[in-house]
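Report on the following structure.
Each value in this text was obtained by applying a stated rule to the coordinates, not by laboratory testing. Model, not experiment: these values are computed from the prediction. Heads up, the Cβs are rebuilt from the backbone with ideal geometry, glycines too, and the neighbour counts pull from every protein chain shown.
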Amino acid sequence: MTTATDTTFNGWANHATWNVALYIQNEYYLYQLAQKSCDTYQDFVDLMTESEQFITPDGVSWTDPSLDTDELDEMIQEL
C-alpha cells in the first residue's frame, strides 16, 4: 500500500508562502493595500519595503527565498 505524502502547507507550497498569504488575506490593511495597489506580489513587496515593514507579524520575511511567488501572484490577482 502506497501512501501519498502531501508536501504542501495548508494547501500552499510551504509554510512561508502560507504565512505571507494568510496575513495579506486576513489583515484588513494589507488586504486593502494588495487589492487596490498591487498587480503582482512584487508590487506588494515594494510597498512594504517603502514603509519599512520587512516581515509578517510571525517573523517571515516578505522576501523569503522559499516563497512561491507565482502562487502569491495568483492570490493577489484573485483579491
Inset, instruction - Check off (1) out of contact with any helix residue (DSSP H, G or I) (no Cβ under 7 Å at 6 or more places or on another chain); (2) within 13 Å of Asn19 (Cβ to Cβ); (3) not hydrophobic (A, V, I, L, M, F, W, C) for Glu78 and give me the number that stays unchecked. - result: (2)
Legend entry - Residue in segment 31-77 that is surrounded by the most Cβ atoms within 10 Å (Cβ to Cβ), counting only those that are part of a loop (DSSP other than H, G, I, E, B) and of a type in the set (Phe, Trp, Tyr): Trp62
Inset, instruction - Could you please tell me which pairs satisfy a Cβ distance under 6 Å, a separation of 6+ or placement on different chains, a first residue in segment 31-58 that is touching a residue at least 12 places away in the same chain (Cβ under 8 Å) and farther than 21 Å from His15 by Cα, and a second residue that is of a type outside the set (D, E, K, R) and part of a loop (DSSP other than H, G, I, E, B)? - result: Gln35/Leu79
